[in-house]
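Peer 1: The structure follows.
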Amino acid sequence: MTADPSPDASDAPVAPGRWCVLGRGAGDRIGAVDVDASGRAGEPVEFTPAELAAFVRDREACSAPRWVWSDTVHWLPRLLDEGVRIERCHDLRLTHAILRGSEFVSDRLALAEATEWSRAPVETEPESRGAALFDLEEAADSARTVPHGLAEAREEFARQRAVLDAVSGEPGARLRLLLAAESAGALVAAEMRAAGLPWDSEEHDRILRDALGPRPARGAKPARMGELAEAIGRELGARNLSIDSQPKLLGALRRAGIDVGSTSRWELAEHEHPAIAPLLQYKKLARLLSANGWAWIDDWVREGRYRPVYVPGGVVTGRWASSGGGALQIPRLLRPVIRADPGWMLVSADVSQLEPRVLAAMSGDRAMAAAGRGRDLYDGIVESGIVETRQEAKIAVLGAMYGSTTGDSGRLVPRLRRSFPRAMRLVDEAAAAGERGGIVTTWLGRSSPAPSAEWFEVQARAQRSGATAADEARARRSARDFGRFTRNFIVQGTAAEWALAWLAETRLRLSRLPEARGARATASGSAFSSRAHLAFFLHDEVIVHTPIEQAEDAAAAVEAAAAAAGRLLFGSTDVDFPLDVRVAERAAKH
DNA sequence: ATGTCAGAGCTG
DNA sequence: CTTCCAGCTCTGACAT
């Protein structure tokens, strides 16, 4: 143990207001202890689980500490159920993961040894199965989750503080910002699940019936798909062909003289045959049915709300993942199904070209910043005479960040290298580090994982004396693959940090709006029924559900939060982050 | 019968 | 040539 949070020789009282660590105490009780700025702890207090909500509500009202707890997923839902919201927290599970991997941290070993804090988030089931799961959850809990005890939380918090105190200067400040933003993201994720995304199931059903025909009996094929299947079989001269079977379909295509190596859309599209069009249409419908069909509505929508399971920090780059329901893969076709309650509106906002702007800011590339200032970045690149069309600009920029070397993209990237040398040097160096098997770090301090043992083995084999040409080719390919990963990591990861800051700032600003006096949301839960709240987040876009009377203020909050996010990360920068904001009853397709 | 894998397609 | 980064989920095929 590097630091002990218990009271030291000084007997000055610890003022509530800084941090308050929460955790399970003896027996069934819950304990809380204040910790001040220098790490000294106050007197622990204990109470029953039933008293938790009241305790937090009172503390929040008087001193609003940063709540330190094992895992937001474990603590926050029960508070939200009782209508208690908190302002800020420190999520030990998420912060542990960042600190353990960060290149900014010198003493990573101290954290790596605390293996019980290196646990993946608990998975969640659809709502239809949720009730039965609740009891199981507690039982399965201990083996798969981080510890929820107060003593363990205090220990881990002390460990993290000690490690963090050793990081001085700019990296320390950035890392602290990242930990706060990551924790705020955990709050947003739990709150958005509790509030839910207002979902118009009737409109969803209408879209499905338009595309597929009436809802079929369980296990039966929708009418429209049946018709298409018949047409396909006819054109291929294969009756009763089961299109859903890849090998059988492939065989039938070949027998009909269509020479394809796979059944993927892009390959089929290259062939001229009367069976192709209905086949592509069939695949589109099959996808809609299996991914977001009637069964999906039954599983995931209750009382006009879709409650996605967001997984903050679920992607190595720091982006969120989702688990169950495919919250981050909802097709654009279904976006209009997101619909505000009566008397409410949706504020939808997305950032234009977030990743290249982040790259311009972190590399300090003034030419690239200038290309995007006050306008579409791709248009700016065209106006600078670097490429001919907006489409070319887009392909070139994406190619630069993804590491394309072939095709149009590979051809255009060198032009960017001439015009934006600083931005390109940053991503090129990140790629070079990855090719050597090194790790790279985002602007705020999230580091990429090292390559696997297999990766190093492949590289070593190519160096040995008996190495074949195939060994060398394989090593070169896997080196380049990892280089593309690290190249993209710093940009995608820093963009995720900007988005987290935006999200956190939006949340805070919305929570400060006065309670609306008008219509109440029908199914949002008591903590969100009378005030604008975040309802959806997807990498670079948010949707806010707001009473009509607050819609303008909510939109202004989203705008102000974006400006604040840029300042928080980059200080004064000549890069701007323009938003496309719409206020409407329904979310737009795009 | 149960578990794992690859293919496909949806998102940014 | 085989487009390139990060994901999730469904399906049929295949291994145990």
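Peer 1: To the nearest 0.05, how large is the calculated FRET efficiency for A:E270 and A:R567 if R₀ is 51 Å and r is the Cβ-Cβ distance?
Peer 2: With a Förster radius of 51 Å, E is 0.55.
Peer 1: Hey, what's the stretch A:19-167 come to in accessible area per residue, 1.4 Å probe, Å²?
Peer 2: With the other protein chains kept in place, the stretch A:19-167 gives 45 Å² per residue.
Peer 1: Among all helices in chain A defined by DSSP H, which have a length of 30 Å or more along the axis from Cα atoms plus a Kyte-Doolittle mean of at least 0.0?
Peer 2: Passing helices, by number: A:169-195.
Peer 1: Which translational diffusion coefficient, to the nearest whole µm²/s, is obtained for the stretch A:442-560 from the Stokes-Einstein equation, given a Kirkwood hydrodynamic radius over C-alpha pairs, 37 °C and 0.692 mPa s?
Peer 2: 181
Peer 1: Given that compact globular proteins tend to follow 2.2 N^0.38 Å, what is the ratio of the alpha-carbon Rg of the stretch A:203-297 to that value?
Peer 2: Ratio of Rg to 2.2 N^0.38 Å for the stretch A:203-297: 1.11.
Peer 1: Please give the residues of the stretch A:202-217, grouped as numeric ranges, whose backbone N is less than 12 Å from a label point set 7 Å along the Cα-to-Cβ vector of A:E235.
Peer 2: Once the point is set 7 Å along Cα→Cβ of A:E235, nothing inside the stretch A:202-217 turns out to lie under 12 Å by backbone N.
Peer 1: How large are Rg and Dmax for chain A when only the alpha carbon atoms are used, in Å?
Peer 2: Reported Rg and Dmax, both Å: 26.6, 89.
Peer 1: For the stretch A:355-493, compute Rg over Rh where Rg is the Cα radius of gyration and Rh is the Kirkwood radius from the inverse mean 1/r over Cα pairs.
Peer 2: Answer for the stretch A:355-493: 1.06.
Peer 1: Projecting each Cα onto the charge dipole of chain A (Lys/Arg +1, Asp/Glu -1 at the beta carbon, about the Cα centre), which of A:V544, A:G566, A:S363 comes out farthest on the positive side?
Peer 2: Highest projection toward the positive end goes to A:S363.
Peer 1: If I model a spin label as a point 7 Å beyond the Cα along the Cα-Cβ vector, how far apart are those points for A:A470 and A:A277 in nm?
Peer 2: Going by the 7 Å Cα→Cβ label model, 4.6 nm.
Peer 1: Contact order normalised by length for chain A, with contacts defined as Cα pairs under 8 Å and 6 or more residues apart; what percent is it?
Peer 2: In percent, rounded to a whole number, it is 16.
Peer 1: In whole Å, what is the distance between the alpha-carbon centres of the stretch A:210-240 and the stretch A:400-450?
Peer 2: That distance is 47 Å.
Peer 1: Report, by chain and number, residues whose modeled amide H sits under 5 Å from the one on A:M345, excluding near sequence neighbours (fewer than 5 apart, same chain).
Peer 2: A:T546, A:I548
Peer 1: For A:Q246 and A:R206, FRET efficiency with R0 = 41 Å and r from the beta-carbon atoms, rounded to 0.05?
Peer 2: It comes out at approximately 0.85.
Peer 1: For A:V167, enumerate residues with amide H under 5 Å from its amide H, sequence gap 5+ or separate chain, H modeled in the peptide plane.
Peer 2: Residues meeting the amide H criterion: none.
Peer 1: Can you list the lysines whose alpha carbon sits under 24 Å from that of A:K394, skipping same-chain ones fewer than 8 residues off?
Peer 2: A:K589
Peer 1: Next up: If the reach is capped at under 26 angstrom between alpha carbons, list the lysines near A:K221, excluding any in the same chain fewer than eight residues apart.
Peer 2: Answer for A:K221, where 26 Å is the Cα cut-off: A:K248, A:K283, A:K284, listed by chain and number.
Peer 1: Right, another one. Based on the alpha-carbon gyration tensor of the stretch A:19-167 and its eigenvalue square roots a ≥ b ≥ c, which shape applies: rounded if a/c is under 1.5, prolate if not and a/b is larger than b/c, or oblate?
Peer 2: The shape class here is oblate.
The values are calculated or read from the model by the stated rules, or taken from the named source; none is laboratory data. Here the structure is a predicted model, which means the values were calculated and not measured. Glycine gets a Cβ as well: all are built from the backbone with ideal geometry, and neighbour counts include every protein chain shown. Remember, those area values only see protein heavy atoms, side chains included, never the ligands or the DNA or RNA. Shrake-Rupley method; radii C 1.70, N 1.55, O 1.52, S 1.80 Å.
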